[in-house]
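For reference, the structure discussed in these notes is given below.
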Amino acid sequence: MVKWLKADSSKCVGCNACRLACALAKFGDNNHKKGRLVPRANFPESKGYKVNTCTQCGICAQKCPVGAIPQREDGVYVVDESKCISCFICVDACPFGVMIRHPEHKHPFKCDVCGACVPFCGQDVLSVNTR
Amino acid sequence: MLYGYAGRILRVNLSTGVISKEPTCPEMARKFLGGHGFAVYILSKELKRGVDPLGPENKLVLASGPISGTLTPCSGKFTVGAKSPATGLIGTSNVGGHIGPELKLAGYDAVIVEGRAPYPVYLYIEDEKVEVRPAFKYWGKECSEVERELKEDLGEEFQCLVIGPAGENLVKFSCVRHDFGREAGRTGMGAVFGSKNLKAVAVRGTRTVPVYDKKRCMELSREMYAKVKANELFPEFSKYGTSMVTNWTNEVGVFPTKNFSRGYFESYKEINGDALVSRILVHNKGCFACPMGCGKYSRFEFKGKTSYVEGPEYETIALCGGNVMLSSIEDVARANYILDNLGLDTISGGNVIAFAVECFEKGLITRHDTGGFELRWGDIETVEWLARKIAYKEGIGALLAEGVKKAAEVLGGDSEKFAMHVKGLEISGYDSHWAPCMALAYATCDIGAHHNRAWAITYDIQTDRDAYGEDKAERVIFLQHARPMFDMLSNCRLSWVETGLDPRYFAEFMTALTGVPYTYEELLKCAERAWNLTRLFGIKELGLSRKDDYPPERWFTPQEEVPGNVASGKHLDRAKYDQLLSTYYRKRGWDENGRPTPEKLRELGLEEFIE
């Protein structure tokens, strides 16, 4: 079983409330650049937004040279800061751009499926799922 | 620590290249909040008397506010302010999108742009790194193209303000564009950019904004989002956005049609919200932290070519639809696309085009003036032809680029009577032949005729449309404080107007955010302070007085009678309006000539501006 944050991108309006809610929930910081999910669009020929969430695919864990991204029992990958050497290989490896690097933090961070973002989406794009 | 604010103001002088970072004044924050309030205060304080709005001595104020970028429903508003080339008054225009939060994260509450660059430039802001960079490669290009190129060159995370050819060519109603379809449209802010050789501002920020009471803010955020989402109007507003209003304005006879000669357009069902959603909508688009996503991103075909545009919003449907009588949503979208990309305000643009067509009909503009081109109602070719002539100031376009007030002065005849403006700013989307409260709102609006400051039309419809009672003056005054309050906090008012969020929440949120115990009444007082200061600026600069607070002549004469128009033949009563205006002044603490009294200015803590 793997728990993950699912996004129905077809309904997204790109407002970034989810991103800000995430930063507030995880760091208590009013700074949406610290959000662990990222809505993107391709203007001006836009067909809609694509919400990049962590699918818990585990590529970051595979690429980590020091084994600092273990998988929890619920299938969620988490960064172990005590082992992380801040090489940021995981950030480059993430296919969805949701292993986040921020200048105010020494280590990268990612979604741990806490669900704090979910109620702030006006369009009910987000849900915590298992597969 | 100034909680809720980035804490600094960035000042850039384009003449000298000097860039400085100043602390945000806590007293200014307390008295003027941010956004529109900062713009009004800074311009009142710093502009020399009588400066040319398009000269290097004018200043641009680009301002976010304390709520901007916080987790409140719709905290993405941003203000662009300067002395307006359209009116000579303080002009501020708000724009949604994402640039306000981005600027705060870069570490600045506002940017003050001074001087004039010797060649085309853009302003690059990335946290501490601030540079004035050459913009030769972007100059001359249309809005979407410039924004796309900037994002390609700098990175997707950059938020940009850009101008189009109309701004470069100093058209008096040129706008500033952001986020591929959001515009600071009113009062000619694009021309002020252009006059400074400033093609764009690109911002990226990563810093954290300090919050006083994080726990309380989060509790309030949860409550506010839950309330907005649970509101019964939420699904409909989310689906249609502002286009939702089109049916209603036609049903009650206030939809600007044929240069405001009446309030009903027989083809409105071809350009309403249903037409938009069923025929051209691609997806919804939200500004920062907006649960509704009222922006409509659309796609349409024109002569075999596919184009994309954000909108049309109601105001564009009204002014580029009904007012020029375009009778298909595709044509309105096309007009929206052309004006947006040239960098023209669709509200003033629709007015100017309609005015030109009426002048042509009446022989005040002739084929000789147009090089043989026939200006016609309901004709997208006419709209496109005029828009391009205006943006590039070619032929008759050079005169029309000045706006309807100046164009009427030159064209003469009786054109002044159907030049639909107040104080030089063209009227937005509500025909007020039979709406005295809205007429008063337009006529007394601080920046010229704009609905943004007081959407009083609903009050006319809900009460007695023939009445000119004290309550209407009171309603206008309340709205003229409540709505700009949102522009000062930098939150979109539509969470209140459309989905019923109690505005008192913002006082509670401000208290938790800043640590300063704000009440709703105090926030309204801040807005009243800004209102009076803007008025003082107008009095000092232009001798603004009672004569300037009247709606155009056309609304005092019977409107066209057409089948379906419930307002057929209706018009304003001059004597009653006159009385209503006196009531308005009295209730504001202004004298009979519309001057704030010294007592009122002292009450508002504006002693430093008393002369």
### Query
Has the range B:147-168 got any residue that is surrounded by fewer than 24 Cβ atoms within 10 Å (Cβ to Cβ), outside the structural domain of B:LEU489 (by TED's automatic domain parsing), acidic (Asp, Glu) and closer than 21 Å to B:PRO66 by Cβ?
no
- request: Output yes when any residue across the range B:36-46 is in the same structural domain as B:VAL171 (by TED's automatic domain parsing), more than 22 Å from B:PHE486 (Cβ to Cβ) and not β-branched (Val, Ile, Thr), and no when none is.
  value: yes
* Would you call B:TYR138 aromatic (Phe, Trp, Tyr) and more than 11 Å from chain A (Cβ to nearest Cβ)? -> yes
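Here's the yes/no breakdown for (1) crowded, with 24+ Cβ neighbours inside 10 Å; (2) of a type in the set (Val, Ile, Thr):
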| site | (1), (2) |
| --- | --- |
| B:ALA443 | yes, no |
| B:ASP446 | yes, no |
| B:ASN452 | no, no |
| B:ALA456 | yes, no |
| B:ILE461 | no, yes |
| B:ASP466 | no, no |
| B:GLU470 | no, no |
| B:ARG475 | no, no |
Those helices (runs of 4 or more DSSP H) completely within the range B:467-570 that have 2 or more residues that are touching a Gly at 6+ places or on another chain (Cβ under 9 Å) are B:470-489, B:504-514, B:520-542
When B:ALA333 is run through (1) small (Gly, Ala, Ser); (2) more than 20 Å from B:GLY164 (Cα to Cα); (3) crowded, with 24+ Cβ neighbours inside 10 Å, the failure sits at (2)
Only one of B:SER238, B:SER221, B:SER243 is within 11 Å of chain A (Cβ to nearest Cβ) and closer than 30 Å to B:ASP460 by Cβ, namely B:SER238
Result of the Cβ filter at 6 Å on the range A:32-60, keeping first residues that are over 14 Å from A:GLY97 (Cα atoms) and at the interface with chain B (Cβ under 8 Å from one of its Cβ atoms) and partners that are in a loop (DSSP other than H, G, I, E, B) and at pLDDT 95 or above, at least 6 apart or interchain, is A:HIS32/A:ASN16; A:PHE43/B:PHE180; A:PRO44/B:PHE180; A:TYR49/A:CYS12; A:TYR49/A:GLY14
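Select from the range A:98-111 the residues that are closer than 16 Å to A:VAL51 by Cα, assigned to a loop (DSSP other than H, G, I, E, B) and not basic (Lys, Arg) and list them in ascending order.
Our first condition is that a residue be closer than 16 Å to A:VAL51 by Cα; within the range A:98-111, this holds for A:98-100, A:110-111.
Right, trim to assigned to a loop (DSSP other than H, G, I, E, B) and you get A:98-99, A:110-111.
If the condition is that a residue be closer than 16 Å to A:VAL51 by Cα, assigned to a loop (DSSP other than H, G, I, E, B) and not basic (Lys, Arg), then A:VAL98, A:MET99, A:CYS111 are the ones that fit.
Pull up the range B:293-328, narrow it to residues that are in a loop (DSSP other than H, G, I, E, B) and over 20 Å from the mean Cα position of the chain (by Cα), then point me to the one that is farthest from B:LEU375 (Cα to Cα). Let's see the steps before the verdict.
Kept after step one, since they are in a loop (DSSP other than H, G, I, E, B), are these residues of the range B:293-328: B:293-294, B:303-304, B:311-313, B:325-328.
Imposing the further condition that a residue be over 20 Å from the mean Cα position of the chain (by Cα) reduces the set to B:303-304, B:325-328.
Working: B:LYS303: 20, B:GLY304: 24, B:MET325: 12, B:LEU326: 13, B:SER327: 16, B:SER328: 18 Å.
Going through the qualifying residues, I end up with B:GLY304.
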With the first residue restricted to the range B:233-257 and required to be on the phi < 0 side of the Ramachandran plot, and the second required to be of a type in the set (S, T, N, Q), Cβ contacts under 6 Å at 6 or more apart or on different chains are B:LEU233/B:THR499; B:PHE234/B:THR499; B:THR246/B:ASN272; B:ASN247/B:ASN272; B:PHE255/B:THR249; B:PRO256/B:ASN323
Scanning the range B:50-82 for residues that are in contact with a Lys or Arg (Cβ under 7 Å, 6 or more places away or on another chain) and assigned to a loop (DSSP other than H, G, I, E, B) gives B:VAL51, B:PRO53, B:PRO56, B:GLU57, B:ASN58, B:SER64, B:SER68, B:GLY69
*asked:* For the range A:82-97, check the following and say yes or no: at least one residue is at pLDDT below 95 and outside any loop (DSSP other than H, G, I, E, B).
replied: no
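Would you say A:VAL118 is out of contact with any His (no Cβ under 9 Å at 6 or more places or on another chain) and either under 30 Å from B:PRO73 (Cβ atoms) or more than 14 Å from chain B (Cβ to nearest Cβ) (or both)? Spell out how you get there, then give the answer.
Details: out of contact with any His (no Cβ under 9 Å at 6 or more places or on another chain): yes; either under 30 Å from B:PRO73 (Cβ atoms) or more than 14 Å from chain B (Cβ to nearest Cβ) (or both): yes.
So A:VAL118 passes the test.
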When every residue in the range B:407-433 that is over 20 Å from B:PHE255 (Cβ atoms) and acidic (Asp, Glu) is compared, the one surrounded by the most Cβ atoms within 10 Å (Cβ to Cβ) is B:GLU416
**Item:** Residue check for B:SER261: in contact (Cβ under 8 Å) with a residue 24 or more places away in the chain, more than 9 Å from every other protein chain (Cβ to nearest Cβ) and either surrounded by fewer than 22 Cβ atoms within 10 Å (Cβ to Cβ) or farther than 30 Å from B:VAL277 by Cβ (or both)
**Value:** yes
Apart from one, (1) more than 8 Å from chain B (Cβ to nearest Cβ); (2) in a loop (DSSP other than H, G, I, E, B); (3) more than 20 Å from A:LYS106 (Cα to Cα) all hold for A:GLY14; the odd one out is (1)
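For the range A:61-73: of the residues being touching a strand residue (DSSP E or B) at 6+ places or on another chain (Cβ under 8 Å) and either closer than 25 Å to B:THR206 by Cα or of a type in the set (A, V, I, L, M) (or both), which is farthest from the other protein chains (Cβ to nearest Cβ)?
So in the range A:61-73, the residues touching a strand residue (DSSP E or B) at 6+ places or on another chain (Cβ under 8 Å) come out as A:61, A:69-71.
With the extra rule that they be either closer than 25 Å to B:THR206 by Cα or of a type in the set (A, V, I, L, M) (or both), the set shrinks to A:61, A:69.
Values: A:ALA61: 26, A:ILE69: 23 Å.
Among those that are touching a strand residue (DSSP E or B) at 6+ places or on another chain (Cβ under 8 Å) and either closer than 25 Å to B:THR206 by Cα or of a type in the set (A, V, I, L, M) (or both), it is A:ALA61.
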Restricting attention to the range B:30-69, the residues that are surrounded by fewer than 23 Cβ atoms within 10 Å (Cβ to Cβ), within 30 Å of A:ALA21 (Cβ to Cβ) and among the hydrophobic types (A, V, I, L, M, F, W, C) number exactly 0
Pairs returned, first residue in the range B:78-99 that is more than 14 Å from chain A (Cβ to nearest Cβ) and within 30 Å of A:CYS15 (Cα to Cα), second residue that is basic (Lys, Arg) and surrounded by fewer than 24 Cβ atoms within 10 Å (Cβ to Cβ), beta-carbon separation under 9 angstrom, 6 or more apart or interchain, are B:GLY81/B:LYS59; B:ALA82/B:LYS59
Result of the Cβ filter at 7 Å on the range B:199-210, keeping first residues that are within 12 Å of another protein chain (Cβ to nearest Cβ) and partners that are modelled with pLDDT under 95 and in a loop (DSSP other than H, G, I, E, B), at least 6 apart or interchain, is B:ARG204/B:GLU157; B:PRO210/B:MET1
Subset of the range B:139-165, residues closer than 21 Å to B:LEU386 by Cβ and in contact with a Cys (Cβ under 8 Å, 6 or more places away or on another chain), comes to B:ILE163, B:GLY164
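Please verify whether the range B:183-196 includes one or more residues that are polar (S, T, N, Q) and within 14 Å of chain A (Cβ to nearest Cβ). Working first, answer last.
Going residue by residue through the range B:183-196, those that are polar (S, T, N, Q) are B:187, B:195.
Next cut, within 14 Å of chain A (Cβ to nearest Cβ) only: none.
There is no residue in the range B:183-196 that is polar (S, T, N, Q) and within 14 Å of chain A (Cβ to nearest Cβ).
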- request: Scan the range B:205-216 and give yes if some residue there is buried (at least 24 other Cβ atoms within 10 Å of the Cβ), more than 22 Å from B:GLY107 (Cβ to Cβ) and of a type outside the set (A, V, I, L, M), otherwise no.
  value: no
Considering residues that are touching a Ser or Thr at 6+ places or on another chain (Cβ under 7 Å) and either aromatic (Phe, Trp, Tyr) or outside the structural domain of B:HIS421 (by TED's automatic domain parsing) (or both), the number found within the range B:223-274 is 10
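Within the range B:65-77, which residues are closer than 30 Å to B:LYS423 by Cα and either at the interface with another protein chain (Cβ under 10 Å from one of its Cβ atoms) or touching a strand residue (DSSP E or B) at 6+ places or on another chain (Cβ under 6 Å) (or both)?
Looking only at the range B:65-77, we keep the residues that are closer than 30 Å to B:LYS423 by Cα, and these are B:65, B:76-77.
Result: B:GLY76, B:LYS77.
Are any of the residues in the range B:363-374 within 26 Å of the chain's Cα centre (by Cα) and touching a residue at least 40 places away in the same chain (Cβ under 8 Å)?
Just the residues of the range B:363-374 that are within 26 Å of the chain's Cα centre (by Cα), to begin with: none.
Looking for residues that are within 26 Å of the chain's Cα centre (by Cα) and touching a residue at least 40 places away in the same chain (Cβ under 8 Å), one finds none in the range B:363-374, hence no.
The values are calculated or read from the model by the stated rules, or taken from the named source; none is laboratory data. Keep in mind it's a predicted model, so treat the numbers as computed, not measured. Glycine gets a Cβ as well: all are built from the backbone with ideal geometry, and neighbour counts include every protein chain shown.
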